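Structure first, then comments.
The values are calculated or read from the model by the stated rules, or taken from the named source; none is laboratory data. Owing to the predicted nature of the structure, the values given are computational and were not obtained by experimental measurement. Cβ sites come from the backbone with ideal geometry, for glycine too, and all protein chains shown count toward neighbours. Side chains are part of the model used for accessible areas, which takes the heavy atoms of the whole protein and leaves out ligands, DNA and RNA. Shrake-Rupley method; radii C 1.70, N 1.55, O 1.52, S 1.80 Å.
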Amino acid sequence: MLVDTHCHLDFEQFDADREAVVERARAAGLARIVIPGVDLAACRRAVALAERYPEVYAAVGVHPNDAQELTPAALAELKDLAKHPKVVGIGEIGIDLYWRKLSLSEQVDAFRAQLRLADEAGRPVIIHDRDAHSEVMAVLSEIRPAAGVVLHAFSGDAAMAEAALRLGFYLGVDGPLTYKKNEALRALFAAAPLEQVLVETDAPYLTPQARRGQRNEPAHVQYVVDKLAEIRGISRETAAEATTRNAARFFGWEWRS
Ligand code: NI
């Protein structure tokens, strides 16, 4: 049994063959798929897909590159959506200093508001951190979301991983684990406690090496699990079982499925 805890199945890249993508995910043994939101329209689409497919769940949130969308009305809508039985998290939220579409202070304001929302809703958070490691950790240390934190597509160094793991955060790992040049990332995920690792695809992006050049999709999470098993010297079954159990614990599926 496998899970993909982060994919954008609602994006238009899947419009032509979404049904086939879900079928291939089922055939690959995926028990759960989580679609995070990036803006309000995406959140609504994610919830609609969660209603349509039994294995699909949604998270709702406004991405730092779209933080101008987070008006009081939008925040109220997110609050409402967060009550949906298939909404299992708040995200993706955080800080992006690579694109820097909004100023750091605007991004931090939206980030804080959504962390508070997560605490009110009792939901864990999915963090987007691009070139903003210390800024993200500063906000998270100050607010400390109670229901859990995953650093999606973790890209920090060993010191940041250690600090995050000590705070009880989960590290999300995707296709880059399989890229030839990423020895440091592999060393980090070989050493991290397995119980704090979540596997993701970030589809349609971050396609694993074996499928590079193609659009990524949830079924490809198996390549991430295989690489995780290989670098830790454990079986594929052990890696799959552990990461599925982690996702169930993180998203509260023991009590909600
Ligand atoms: Ni994403």
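Please find, within segment 145-164, the residue that is modelled with the lowest pLDDT out of those that are farther than 22 Å from Y98 by Cα, within 18 Å of the chain's Cα centre (by Cα) and not hydrophobic (A, V, I, L, M, F, W, C). Restricting to residues being farther than 22 Å from Y98 by Cα, within 18 Å of the chain's Cα centre (by Cα) and not hydrophobic (A, V, I, L, M, F, W, C), the top hit is P145. Among the residues of segment 83-99, none qualifies, meaning not one is of a type in the set (V, I, T), part of a helix (DSSP H, G or I), touching a Leu at 6+ places or on another chain (Cβ under 9 Å) and more than 16 Å from the ligand (Cβ to nearest atom). Tallying residues that are open to solvent by 10 Å² or more (accessible area, probe 1.4 Å) and touching a Pro at 6+ places or on another chain (Cβ under 9 Å) within segment 147-159 yields 5. Checked against (1) surrounded by fewer than 24 Cβ atoms within 10 Å (Cβ to Cβ); (2) under 30 Å from D131 (Cβ atoms), P54 passes all but condition (2).
Residues that are open to solvent by 20 Å² or more (accessible area, probe 1.4 Å), touching a residue at least 12 places away in the same chain (Cβ under 8 Å) and of a type in the set (S, T, Y): does segment 220-228 have at least one? Within segment 220-228, one or more residues are open to solvent by 20 Å² or more (accessible area, probe 1.4 Å), touching a residue at least 12 places away in the same chain (Cβ under 8 Å) and of a type in the set (S, T, Y). In segment 195-211, of all residues being open to solvent by 60 Å² or more (accessible area, probe 1.4 Å) and away from the ligand (no atom under 13 Å from the Cβ), the one that is nearest to V3 (Cα to Cα) corresponds to E195.
Kindly evaluate E77 against the criterion of being modelled with pLDDT of 95 or more and either farther than 19 Å from V199 by Cα or open to solvent by 60 Å² or more (accessible area, probe 1.4 Å) (or both). Talk me through it step by step, then tell me what you get.
Working: modelled with pLDDT of 95 or more: yes; either farther than 19 Å from V199 by Cα or open to solvent by 60 Å² or more (accessible area, probe 1.4 Å) (or both): yes.
Yes, satisfied.
Can you tell me which residue is most open to solvent (accessible area, probe 1.4 Å) among those in segment 57-74 that are part of a strand (DSSP E or B) and in contact (Cβ under 8 Å) with a residue 60 or more places away in the chain? Here the answer is Y57. Which one of V47, V22 is touching a strand residue (DSSP E or B) at 6+ places or on another chain (Cβ under 6 Å) and either assigned to a helix (DSSP H, G or I) or within 11 Å of the ligand (Cβ to nearest atom) (or both)? Checking each option against the conditions leaves just V47. Every test in (1) under 21 Å from V173 (Cβ atoms); (2) of a type outside the set (D, E, K, R); (3) more than 16 Å from the ligand (Cβ to nearest atom) is passed by I33 save one, and that test is (3).
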